[in-house]
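The values are calculated or read from the model by the stated rules, or taken from the named source; none is laboratory data. Keep in mind it's a predicted model, so treat the numbers as computed, not measured. Positions of Cβ are generated from backbone atoms using ideal geometry, with glycine treated the same way; all protein chains shown enter the neighbour counts.
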Amino acid sequence: MNKDALLYPLRNTQDTEHDTALWNWAQNSVVGQRQQLHQPQTEAELQQLLRDTRGKVRLMGSRLSPGRMLCVQPDDLLLDLSAFTGVLAEDDHTITFAAGTLLQTVYDTLTARDRMLASSPGVIAVQTLAGALATGTHGQGLQQSSLADEALRIRMVLADGSVREFTRGEPDFPAAQVALGSLGVVTAVTLRTQPFRLFTCYKFAVSADALEQDLLKWNRDYELSKAWWFVDDNLMHVWNAEQASEEDTQAWHANGRQVIEHGDNADSSLNHTIDQTLAQMHRDTQIHGKGGKQFRTVTRFRDFTDVSGDIYQLFCRGIAVPQINVEIAVPLDKTPQVISKIKAWYAENQPHMHYPIILRCTGASEGWLSPSHQQPSCFFGFVVYYADDGSLSQEGLHFLTEVEKLLAAEGGRPHWGKYYDPQRYQWRDIYPQWDAFRTVRETLDPTRRFSNDYATALFD
């Protein structure tokens, strides 16, 4: 098998509902056998299961990440914590959720209580809370960081069945924030909350000529900022958001707490670029006609208008479609030179662009293994969608490979829950607390019960 096939596996397009094998969500990797699956209903049941068994243990959330993260062997236990859901405790400033609660439920619960998180959401809301923390899920905006940075307490069942609660301020709490499932089984997470606020999102198209300076300015001037870079046309589509005015807030409530669109005249300036991008995506995926969720991720840029809504309505707008998704965080102070290098590389090579580059910046994270640990960062995101037959555009994959090389050379850190080439990274060099995390792992799981081929290659 060639290297590309390992990094970017083809997708099984057959119905897998009745397979003995259990596939990940994208159906590009088998994560285990159904007979290995255990679904404890309570923490006590989970504790007893760990005491009564000796096999290695891997945790299954929504199965959105690459299958390699699980690497389940025939004698391993595969845990499904979907029964661990809902609110366990709350007060005026915090709320505790069971670890298997979906992010959408977290957002809906908070909104109903006129509360929110300081961190803006990631785009896909079908992740579990524990899975989102474990992989460093983040939003957009320099005034906040990853979802894990809003955790105050993380409750975990360890390899011997005992329970440990990590509390913010403890020396090893940053190890538990983004742990890749390698320390224990997270059963509950306490999050700090803040009063609900409404946002107005200003959308516009602009040339990428001054992107090196513009990106930093947008993130300085606005609480939340997200941009898509259509490199072929040298254009940007930008969403900048700030707290909504009282007038917009009243209009939102009067509209049944649904999104308010501003202005009668939608901006059509990107329509030609969008049509070109859609045509390219149709060619790459061999999908004809206008259908397909992957195309809706682009068509939303047609005839766009400013909007007001809550943070989840505005930014948690991802459409879950099987894809190869690469996202690399680079230090914010290096971001202008990285953008310039991508421009120069594109001008020299004229590569095939399957999808625009997604740009999201965040503040520094406390989590030792967070891609934005100790430094404000810009996440560069790249997507290649699967064709109907499960194949991938080779030109699109070539672009992913070459750009990852460039970003890794600039000290980039890959998003753990997405695709990356591990050979490109010197983990100790880019993560100052790498060995500190390994020490915590050795203390909590000396027998490597929560290890597998993936974790062993990283830490041992």
> Would it be correct to say that LEU400 is surrounded by 20 or more Cβ atoms within 10 Å (Cβ to Cβ) and either part of a strand (DSSP E or B) or at pLDDT 95 or above (or both)?
Replying inline: no
>> Can you pull out every residue in the stretch 137-194 that is surrounded by 24 or more Cβ atoms within 10 Å (Cβ to Cβ), more than 15 Å from HIS373 (Cβ to Cβ) and of a type in the set (S, T, N, Q)?
In response: GLN140, SER182
>> Report every pair of residues separated by at least 6 positions or lying on different chains whose Cβ atoms are under 8 Å apart, first residue within the stretch 382-401 and among the acidic types (Asp, Glu), second exposed (fewer than 15 other Cβ atoms within 10 Å of the Cβ).
In response: ASP388/THR13; ASP388/GLN286; ASP389/THR13; ASP389/GLN286
> What number of residues within the stretch 311-360 satisfy the criterion of being modelled with pLDDT under 90 and assigned to a loop (DSSP other than H, G, I, E, B)?
Replying inline: 13
> Exactly one of (1) surrounded by 15 or more Cβ atoms within 10 Å (Cβ to Cβ); (2) within 20 Å of GLY390 (Cβ to Cβ); (3) in contact with a strand residue (DSSP E or B) (Cβ under 6 Å, 6 or more places away or on another chain); (4) of a type outside the set (D, E, K, R) is unmet by THR16. Its number?
Replying inline: (1)
> Of all residues in the stretch 408-426, which are over 23 Å from ASN24 (Cβ atoms), in contact with a Lys or Arg (Cβ under 9 Å, 6 or more places away or on another chain) and not charged (D, E, K, R)?
Replying inline: ALA408, ALA409, GLY411, GLY412
> Going by the conditions given, is LYS418 in contact (Cβ under 8 Å) with a residue 40 or more places away in the chain, surrounded by 16 or more Cβ atoms within 10 Å (Cβ to Cβ), in a helix (DSSP H, G or I) and basic (Lys, Arg)?
Replying inline: no
> Can you name the strands (runs of 3 or more DSSP E) wholly within the stretch 127-245 that have at least 3 residues being farther than 30 Å from PHE382 by Cβ and among the small types (Gly, Ala, Ser)?
Replying inline: none
> Can you pull out the residues in the stretch 254-267 that are within 18 Å of ASP306 (Cα to Cα), assigned to a loop (DSSP other than H, G, I, E, B) and modelled with pLDDT of 90 or more?
Replying inline: ASN255, ARG257, GLN258, VAL259, HIS262
> What number of residues within the stretch 114-133 satisfy the criterion of being without any contact (Cβ under 8 Å) to a residue 60 or more places away in the chain and surrounded by fewer than 20 Cβ atoms within 10 Å (Cβ to Cβ)?
Replying inline: 0
> If you check VAL186, VAL87, which single one turns out to be out of contact with any Lys or Arg (no Cβ under 9 Å at 6 or more places or on another chain) and modelled with pLDDT of 95 or more?
Replying inline: VAL87
>> On the basis of being in contact with a helix residue (DSSP H, G or I) (Cβ under 9 Å, 6 or more places away or on another chain), at pLDDT 95 or above, among the polar types (S, T, N, Q) and on the phi < 0 side of the Ramachandran plot, does SER308 make the cut?
In response: yes
> Can TRP239 be described as closer than 30 Å to ARG63 by Cα, in contact with a Lys or Arg (Cβ under 6 Å, 6 or more places away or on another chain) and of a type in the set (Phe, Trp, Tyr)?
Replying inline: yes
> Among the residues of the stretch 361-385 satisfying the criterion of being modelled with pLDDT under 95 and of a type in the set (A, V, I, L, M, F, W, C), which is farthest from SER145 (Cα to Cα)?
Replying inline: VAL384
> Of the conditions (1) within 23 Å of ARG168 (Cα to Cα); (2) in contact with a Leu (Cβ under 9 Å, 6 or more places away or on another chain), ALA118 fails just one. Which one is it?
Replying inline: (2)
> If you check ASP460, ASP388, ASP453, which single one turns out to be among the charged types (D, E, K, R) and either under 27 Å from ARG283 (Cα atoms) or at pLDDT 95 or above (or both)?
Replying inline: ASP388
> Which ones in the stretch 94-126 are in a loop (DSSP other than H, G, I, E, B) and over 14 Å from the mean Cα position of the chain (by Cα)?
Replying inline: ALA99, GLY100, THR101, ARG113, ASP114, LEU117, ALA118
